[in-house]
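As structure tokens, the structure follows; a few thoughts come after it.
The values are calculated or read from the model by the stated rules, or taken from the named source; none is laboratory data. The structure displayed is predicted, hence computed values, not measured ones. Cβ coordinates were reconstructed from backbone atoms using ideal geometry, including for glycine residues, and neighbour counts include every protein chain displayed.
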Amino acid sequence: MAEKEVLNEEEKEPQAKMIPVFIMGQKYEVPEGSTILNAIEYAGYQLKKGVGCREGFCGACATVYRLPGDYKLRGGLACQTVVQPGMYLTQIPFTPAQKAIYDIDEVKPDISTFQKFYPEVFRCLGCNACTKVCPQELKVMDYIQAIMRGDIELAADLSFDCIMCGLCTMRCPAEMAQYNIALLARRLYGKYMMPKPEFVYKRIEEIEQGKYEKEFEEIMSLSKEELEKRYTERDINFDIT
Ligand code: SF4
Ligand code: SF4
């Protein structure tokens, strides 16, 4: 009997080690190794804002935290950042931020557009706090300073992977919303400066002339399974010239 009890003990799933964290000021014990997002849900919170794709792409789960004995206020995405013992954290489900309204067809792709819609850009102090907090490890200060020089192409390139989490904006002493400013740079670049994708226009023309009607009809007649098979087995041609 005693032996059986010992065996049952051994068969049990190993229990996760629990660590203390403080979520919005309240202490909870959560499994070690959890992401902040999982820890918040483990503690009983139901997230309706401040959560999205759970994979680090949507930027919805910006979180700020401090670690014991560390003066720094740190930031990260709740779905990607692992909890640490004694962590104090709170989520930032939304960042109030200035977003200019403009008609992209009516604005010029130069520095005057930023002077008009986002004059706060020119208050940048060069402190680099934005770059340090960016969970995407973007050179946020560099893209802002590219905009200050009128280098829209560089700003568009450096900010390309921005997920608009808002953490840079929360730290900026010049009180600008870097991500909305960068969005304007990317829109200007895409509309006015990027080389035109001639192959796309050519393909649209061919579609309009009915060149692919037969293929479309064939695809429309396929079952879901056949479509999935066709999709997974397709050739991907990265040559877009
Ligand atoms: S640039 Fe700002 S808004 Fe964009 S991902 Fe980095 S911290 Fe988030
Ligand atoms: S946090 Fe603001 S002021 Fe500091 S470098 Fe970034 S944009 Fe400039």
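Some points to look at:
- Residue under evaluation Glu215, criteria (1) touching a helix residue (DSSP H, G or I) at 6+ places or on another chain (Cβ under 8 Å); (2) part of a helix (DSSP H, G or I), criterion not met: (1)
- Note on the stretch 33-55: residues that are modelled with pLDDT under 95 and small (Gly, Ala, Ser) amount to 2.
- Near pairs, Cβ below 9 angstrom, 6+ apart or cross-chain, from the stretch 124-145 (under 17 Å from Asn180 (Cβ atoms)) to any residue that is more than 6 Å from ligand 2 (Cβ to nearest atom) and of a type in the set (Phe, Trp, Tyr): Leu138/Phe160; Val140/Tyr179
- In the stretch 188-200, the residues that are surrounded by fewer than 10 Cβ atoms within 10 Å (Cβ to Cβ) and modelled with pLDDT of 90 or more: Pro195
- Tally, over the stretch 142-179, of residues that are crowded, with 20+ Cβ neighbours inside 10 Å, more than 13 Å from ligand 1 (Cβ to nearest atom) and part of a loop (DSSP other than H, G, I, E, B): 0
- Any hit, the stretch 122-131, residues being of a type outside the set (Asp, Glu), assigned to a loop (DSSP other than H, G, I, E, B), within 14 Å of ligand 1 (Cβ to nearest atom) and under 21 Å from Leu77 (Cβ atoms): yes
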